[in-house]
């Protein structure tokens, strides 16, 4: 009889012992160790997201819940979470790198994703786009950037109006340019028109001391150049076409 009673009680005893051991090991979380190349404000954003988890136990806290809380941060990537006994969790994550500012308040990642960031990133090109989605805009930017960089130019602003027409503001990488030049590209044949401007930059603009206000590349085979006004006078406008052959002019769009 005694043996039968012991056999009946054994599961209860084991369950109680296991529960006691669980309670003993499930100590309250005291700290989160955050690893990654993050700014002070990003670190603060992570700890704010995790503040509600401090009262939980290290075993009873689901690692997936911790990761989900961090995924709410629009810039957090490659999140991993592990327990560190007796009372800590180690979190490793990466920041999505912004490559451009999208309008006033958001940024665009290298994957074409829009996000808000706790820090301000200076020196990035700005995109003001009325029609296209972020991923298509990123493709346009990369196309133009790989062309313009050949002349030592970088894009400071890429814009598209409601009619779908693109324009870029460009500056010299080495800071030798006197200012920003706006290039009007229109809504089609961007590759061809950007290459035409590249030729103009190499053969004409790089050799002049005149300050250029804008270049209109929306012509069939030429470009219109508007120079900055001289002191006491109006700005000069000229047209250049077929630069690789004659350096002559045309005004046909």
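Just the residues that are touching a residue at least 12 places away in the same chain (Cβ under 8 Å) and either farther than 23 Å from residue 112 by Cβ or in contact with a strand residue (DSSP E or B) (Cβ under 6 Å, 6 or more places away or on another chain) (or both), please, taken from the stretch 65-77. Correct list: 65, 66, 67, 69, 70, 74, 75, 76, 77.
Per the listing 80, 39, 60, the residue uniquely free of Cβ contacts under 8 Å to residues at least 24 places away in the same chain and either farther than 26 Å from residue 142 by Cβ or not assigned by TED's automatic domain parsing to the domain that holds residue 155 (or both) is 80. Please tell me if residue 144 is assigned by TED's automatic domain parsing to the domain that holds residue 202, part of a strand (DSSP E or B) and in contact with a helix residue (DSSP H, G or I) (Cβ under 6 Å, 6 or more places away or on another chain). Criteria not met by residue 144.
Among the residues of the stretch 71-90, those that are touching a helix residue (DSSP H, G or I) at 6+ places or on another chain (Cβ under 7 Å) and surrounded by 19 or more Cβ atoms within 10 Å (Cβ to Cβ) comprise 73, 76, 81, 89. Of everything listed in (1) at positive phi; (2) in a strand (DSSP E or B), the single unmet condition for residue 164 is (2). Is the stretch 114-122 home to any residue that is more than 21 Å from residue 45 (Cα to Cα) and either in the same structural domain as residue 187 (by TED's automatic domain parsing) or in contact with a strand residue (DSSP E or B) (Cβ under 7 Å, 6 or more places away or on another chain) (or both)? No, that holds for no residue. It is to be established whether one or more residues within the stretch 118-137 are assigned to a strand (DSSP E or B), touching a helix residue (DSSP H, G or I) at 6+ places or on another chain (Cβ under 8 Å), farther than 16 Å from residue 212 by Cβ and modelled with pLDDT of 95 or more. Yes, the stretch 118-137 contains at least one residue that is assigned to a strand (DSSP E or B), touching a helix residue (DSSP H, G or I) at 6+ places or on another chain (Cβ under 8 Å), farther than 16 Å from residue 212 by Cβ and modelled with pLDDT of 95 or more. With respect to the conditions (1) farther than 27 Å from residue 113 by Cα; (2) surrounded by 15 or more Cβ atoms within 10 Å (Cβ to Cβ), residue 38 falls short on a single one, namely (1).
The values are calculated or read from the model by the stated rules, or taken from the named source; none is laboratory data. Since we're looking at a predicted model, the values are computed, not measured. Glycine gets a Cβ as well: all are built from the backbone with ideal geometry, and neighbour counts include every protein chain shown.
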